[in-house]
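First comes the structure, then the notes that go with it.
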Amino acid sequence: MSPPGMMPPKPPSGPEETNADIKHQLRKEIRQFGRKYEKIFKLLKEVQRPPEVRKQLVEFAIKEAARFKRGHLIKHLEIILEKIDSDHFLNKDTCIPNI
């Protein structure tokens, strides 16, 4: 039970709120000093969204990393972005029937 006058935190209700929460967490982790990127990669890996949304989140993370001059992180994120693109491309090809 929460104290009187305090509302318990509610979970995000829609995909936009979830994406905003993920972006907030990414921004917070990228801002931290050092090369501890495990939490960033874990956040991106756990996203259960279509490839287009995952791609947007990785692009957002790249922009944030550039803003804080995290070149090493940008290289890793670009690799993840290439994997998302190649996986999405391969999945599209498997949906087309062979004639």
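Just so it is clear, none of the values below were taken in a lab; they were calculated from the coordinates. All figures in this text were calculated on a predicted structure; none of them were measured in a lab. Reconstructed Cβ throughout: ideal geometry from the backbone, glycine too, with neighbour counts over all protein chains shown.
Would you kindly state how much longer the chain becomes between Arg49 and Lys36 on full extension, computed as 0.36 nm times their sequence separation minus their alpha carbon distance, in nm to one decimal?
Extra length available between Arg49 and Lys36 comes to 2.2 nm.
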Quiz item: Residue-wise, which Karplus ³J(HN,Hα) couplings in Hz belong to the range 58-65, taking 6.51 cos²θ - 1.76 cosθ + 1.60, θ = phi - 60°, and x for glycine or proline?
Solution: 5, 4, 4, 5, 5, 5, 5, 5
Quiz item: Got a sec to turn the phi values of the range 24-36 into Karplus ³J(HN,Hα) couplings, 6.51 cos²θ - 1.76 cosθ + 1.60 with θ = phi - 60°, whole Hz, x for Gly and Pro?
Solution: 4, 5, 4, 4, 5, 6, 5, 5, 5, 6, x, 10, 9
Quiz item: Quick one: Karplus J couplings for the range 67-73, per residue in order, coefficients 6.51, -1.76, 1.60, θ = phi - 60°, nearest Hz, x for Gly and Pro?
Solution: 4, 9, 6, 9, x, 5, 5
Practice problem: State, as an integer percentage, the relative contact order of the range 12-72 based on alpha-carbon contacts under 8 Å between residues 6 or more apart. | Solution: 36
Quiz item: Which of the peptides 63-74, 43-54 is most tightly packed, and how do the rest follow, going by the mean number of other Cβ atoms within 10 Å of each residue?
Solution: 63-74, 43-54
Quiz item: At Arg67 and Lys83, where each label point lies 7 Å from the Cα along Cα→Cβ, what is the point-to-point distance in nanometres?
Solution: 2.5
